[in-house]
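Chemist: Submitted below is the structure of interest, expressed as structure tokens.
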Amino acid sequence: MDRRQVVRSLAWILAAAATEACTPLRIVTRSFPAEFKHDPDLVAQTLRAFTAAVIPAFDPGTTDPARALLDRRYPFAKYAPFFASDLSRRAAQRFAGSSFASLDLAQRTAVIMEGLEGDATTCKLYRGAIFLTQVAIYAGIYDGDAGCSLIEFHGRYRGGEVSYADPESFLPQSLTAQGNAA
């Protein structure tokens, strides 16, 4: 093996190590398991488990709690597969190969805390996911009428009664038959 081949091999090894160690490179090069790239149901299941950990008392009912994280109108959606794979990777490393969705609340919380303590990009990604989840659920961004019982938000303001039962008792008498003043 000549010197040029050795240098080329070392360059590939260093590039591979940098890609695995650096979150931005892993995102850009899409260096995460293919199952998360090609299985939207797996990503959605993992993100639903994430929302259940972030807001444990939330009862989704008929709504999808992970909808905001997957909504293409928000920038987070393009990072959702990587984020789901990162949650699963951390869960598997920490809890003997378990998937993130199969963990209990305390274990999920530990995985999320570990992500928040990661490098700057990972921390920003986790904080963004938590913030978007909280806004989606607490503020009701998809259904303003529904509100959120967790914070006693009753939904949009529907307006109070603006009339009174006996207006003649405190309003002056009209000057014309139509009620206009002249």
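Chemist: Among F76, F50, F131, which is the only one that is at pLDDT below 90, of a type in the set (F, W, Y) and either under 22 Å from S149 (Cα atoms) or crowded, with 16+ Cβ neighbours inside 10 Å (or both)?
Modeler: Exactly one residue qualifies, and that residue is F76.
Chemist: Considering (1) within 15 Å of the chain's Cα centre (by Cα); (2) surrounded by 14 or more Cβ atoms within 10 Å (Cβ to Cβ); (3) farther than 26 Å from E35 by Cα; (4) not β-branched (V, I, T), say which one Y142 fails and leave the rest.
Modeler: (2)
Chemist: Show the residue pairs meeting these rules: Cβ distance below 8 Å; 6+ apart or different chains; first residue within segment 154-182 and loosely packed, with under 10 Cβ neighbours inside 10 Å and in a loop (DSSP other than H, G, I, E, B); second residue aliphatic (A, V, I, L, M) and modelled with pLDDT of 70 or more.
Modeler: A181/L175; A182/L175
Chemist: A106 passes all but one of (1) touching a strand residue (DSSP E or B) at 6+ places or on another chain (Cβ under 7 Å); (2) free of Cβ contacts under 8 Å to residues at least 24 places away in the same chain; which number fails?
Modeler: So the condition that A106 fails would be (1).
The values are calculated or read from the model by the stated rules, or taken from the named source; none is laboratory data. Source: prediction; values computed, not measured. Here the Cβ is made from the backbone with ideal geometry for all residues, glycine too, and neighbour counts use every protein chain on show.
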